[in-house]
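Below is one structure, written out as structure tokens, with a few remarks after it.
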Amino acid sequence: EAPKAKHNYQSDVARLRKIVINSLYSHKDIFIRELISNANDAIEKLRLTSLKDKSIWDGSNPLNITLKLVKPEGDQPGRIIISDTGIGMTPEELTTNLGTLAKSGTSDFLARAENSDATGTGNLIGAFGLGFYSSFLVADRVYVASLPPATAQNPNPVQHVFSSSADDSSFEIYPDPRGNTLGRGTEITLVLKNEDLEYLDADRLTDLINKHSSYSSAFPIYLFTQRTEEVPDEDAIQDAPPADAAEPTPAAEETPESKDEDEATIEEVAEEKAEEKAPPKMKTVVVDEWKHLNEQPPIWMRDPKDVKEEDYNNFYKAFFKEIESPLAWHHFSGDSGSGVSFRAIVFVPGSLDEQYWQQPLASKSKDIKLMVKRVFITSDLGDEGLPKWASWVRVVVDAEDLPLNVSRETLQSTRFLKQVKQVIIKHLIGIFNRLADEEPAKFERFQKNYGSVLKLGAVEDTKNREKLAALTRFHTNHKDSLSLDQYLENKKQGQKQIFYLAEMGREFDDLKKSVFIEKLDARGYEVLLLNEPLDEILVQNIRQWKRVPFQDVAKAGLKFGDEESQKDEKAEMEAAKEKFKPLLDYLKKEAGDKVREVVISNRLVTSPCAIVADQHGYTANVERMMSAQNG
Ligand code: ADP
Ligand code: MG
């Protein structure tokens, strides 16, 4: 037998292995995701290399991943064997790839991981990926047998084994004593720790794969299991008399039951009798089973035409752990603009999370599942998380053309995430518009749940302000739901302002009766009734719609636009000013500092007077909010 070359791990690897083994106990499920993702990468590398060099792979033998579960037996330990028909590794590659860490930012990662608690480390893993070393979460010892394809440079590859135990600071590399058994690719044998034998349960492992590598690799994953089954023992049947030897006996025919049973033919009765007499002997056999785990492409990879509404609903609920079906979704493929193509489904949840408005403005989205080639990478878009107004959205994005070995860390720093974020927002707004144009009932439900979110968006997201403000619906003194565009369509000739009345927390019916609306109502003008804090902030932020300014009817500066045709009224006003000057002077003196000015107004019809805010000052409403915020 060839000597086993012993190597010491590079010091960073030793540190990483220690972190993995010591602090990630509660995250150990991830080993399967990491190993499947590596197998997937290895096959993808083979496929890509073969595009240039057909001799490496001519397309004939299959590209797949297989998992074998071996139950412990006698002194044989329980094992999981994961094989792929990918690019494989030479002995040198086994040494460098599995014995050293070449990732950028490794030291930084290690320092952070060593100083954080288990949960913190868990988050770091998502961002960094522990790859191969996660094997040691569940395995005492790992064997990696690998055989690269024959090439011009390496015409006679020899299958080698990498072997290491969880508590070793070294690993061994040696030619596989079994010879070149693999044909091509890599076989990883995890010798399970005693406390981790649960992973040998086929259902448990299937669940894990569906969850983590869900919809998994782009290549088929097969799970090999052995099942025991009771089958008729054919040897035993041979010994028994053949069925046709058992003639119906007269005695049997004469039993009252059989006489009543007209339907039963003599043959059937005969068969029954034969079975009674000679029940076939059963024996236990072991049946091999190959279960295709990712038979269906994941829902987002399918053509939307082939996916039913029910499929989307089920997928959404399972994937995002939701009870309620989504309100709407959009399934599309796209290009990030930097050459990364991807597929995505953007979901609008059935309703807003109850906690939504309690959470701080800075809280970022966490339901964007980012995949690369079907393998889940992260939910954490870092600084590229969606803004508060869109943070409730649920998205699955699967990128196709990211570099094969993109680490989760590099991904965070690429332009890709920034672009993905923009694409998501664009399509989200697209969904809103579709509901508005085509599905009035759903749009109403959407407004009820997300109306305030649109206003927040129009305030917060200056880039999309126009689009979001256009989707916002308002109550008016005429209608229950009106867009700003509709307001302008309905406006009276000569009207130069968009009138609104803002009083936080007041019922619309109360607002309609407000003294500030009397005059406008009498003249047939429409007034937006604003009773949410965000409403007023919104109109003050956008200031105008299609160049028509907003005008608070509770502030001075109201212009009806038909003043010209109201010469009489003007003259009347002048006369009134003259006539009531003594009264105004008296009132001003009495009110003292409490008001800035006492003026004659033509905006009231039945009420004798009103206190209004200064044209350039804050309204009482905003003042209340400001003091609440500062306090
Ligand atoms: P990463 O996948 O992020 O590179 P890993 O620790 O998961 O980090 O894997 C380290 C390296 O080992 C991979 O980059 C690859 O070169 C090699 N490797 C791991 N698994 C396989 C495999 N099944 N087939 C071929 N090479 C592999
Ligand atoms: Mg990996």
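The values are calculated or read from the model by the stated rules, or taken from the named source; none is laboratory data. Bear in mind the structure is a predicted one, so any value in this text is a computation, not a measurement. Cβ coordinates were reconstructed from backbone atoms using ideal geometry, including for glycine residues, and neighbour counts include every protein chain displayed.
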If you take the residues in the stretch 185-228 that are farther than 23 Å from residue 161 by Cα and basic (Lys, Arg), which one is modelled with the lowest pLDDT? 211
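With respect to residue 98, determine if the residue is out of contact with any strand residue (DSSP E or B) (no Cβ under 9 Å at 6 or more places or on another chain), within 17 Å of residue 21 (Cβ to Cβ) and either at pLDDT 65 or above or within 14 Å of ligand 2 (Cβ to nearest atom) (or both). Reasoning before the result, please.
On the way: out of contact with any strand residue (DSSP E or B) (no Cβ under 9 Å at 6 or more places or on another chain): no; within 17 Å of residue 21 (Cβ to Cβ): yes; either at pLDDT 65 or above or within 14 Å of ligand 2 (Cβ to nearest atom) (or both): yes.
Taking the combined requirement at face value, the residue does not satisfy it.
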So the check is Cβ under 7 Å with 6+ separation or different chains; which pairs have a first residue in the stretch 485-498 that's of a type in the set (A, V, I, L, M, F, W, C) and a second one that's at pLDDT 90 or above and in a loop (DSSP other than H, G, I, E, B)? 488/546
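Return the total of residues in the stretch 72-92 being surrounded by 16 or more Cβ atoms within 10 Å (Cβ to Cβ) and either more than 32 Å from the chain's Cα centre (by Cα) or more than 12 Å from residue 146 (Cα to Cα) (or both).
Filtering the stretch 72-92 down to residues surrounded by 16 or more Cβ atoms within 10 Å (Cβ to Cβ) leaves 77-91.
Filter again for either more than 32 Å from the chain's Cα centre (by Cα) or more than 12 Å from residue 146 (Cα to Cα) (or both), leaving 77-81, 88-91.
Count: 9.
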Go through the stretch 475-496 residue by residue and tally those that are of a type in the set (Asp, Glu) and closer than 19 Å to residue 559 by Cα. 1
Would you mind listing the helices (runs of 4 or more DSSP H) fully within the stretch 471-544 where at least 2 residues are over 21 Å from residue 606 (Cβ atoms)? 484-490, 533-542
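From the set of residues in the stretch 132-178 that are among the aromatic types (Phe, Trp, Tyr) and at pLDDT 95 or above, which is farthest from ligand 1 (Cβ to nearest atom)?
As a first pass, look at the stretch 132-178 and keep what is among the aromatic types (Phe, Trp, Tyr): 132-133, 136, 143, 162, 171, 174.
Still in the running and at pLDDT 95 or above: 143, 162, 174.
Values: 143: 13, 162: 10, 174: 18 Å.
Of everything passing the filter in the stretch 132-178, 174 is farthest from ligand 1 (Cβ to nearest atom).
Quick grid of which residues meet (1) of a type in the set (Asp, Glu); (2) without any contact (Cβ under 8 Å) to a residue 40 or more places away in the chain; (3) within 15 Å of ligand 1 (Cβ to nearest atom); (4) out of contact with any Phe, Trp or Tyr (no Cβ under 9 Å at 6 or more places or on another chain):
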position: 5; (1), (2), (3), (4): no, no, no, no
position: 9; (1), (2), (3), (4): no, no, yes, no
position: 53; (1), (2), (3), (4): yes, no, no, yes
position: 58; (1), (2), (3), (4): yes, yes, no, yes
position: 65; (1), (2), (3), (4): no, no, yes, no
position: 70; (1), (2), (3), (4): no, no, no, yes
position: 76; (1), (2), (3), (4): no, yes, no, yes
Can you run down the residue pairs with Cβ atoms below 7 Å, 6 or more apart or on separate chains, where the first is in the stretch 572-585 and touching a residue at least 24 places away in the same chain (Cβ under 8 Å) and the partner is surrounded by 11 or more Cβ atoms within 10 Å (Cβ to Cβ)? 573/600; 573/602; 576/600
Residue hits (the stretch 1-34; modelled with pLDDT under 75 and surrounded by fewer than 13 Cβ atoms within 10 Å (Cβ to Cβ)) are 1, 2, 22, 25, 26
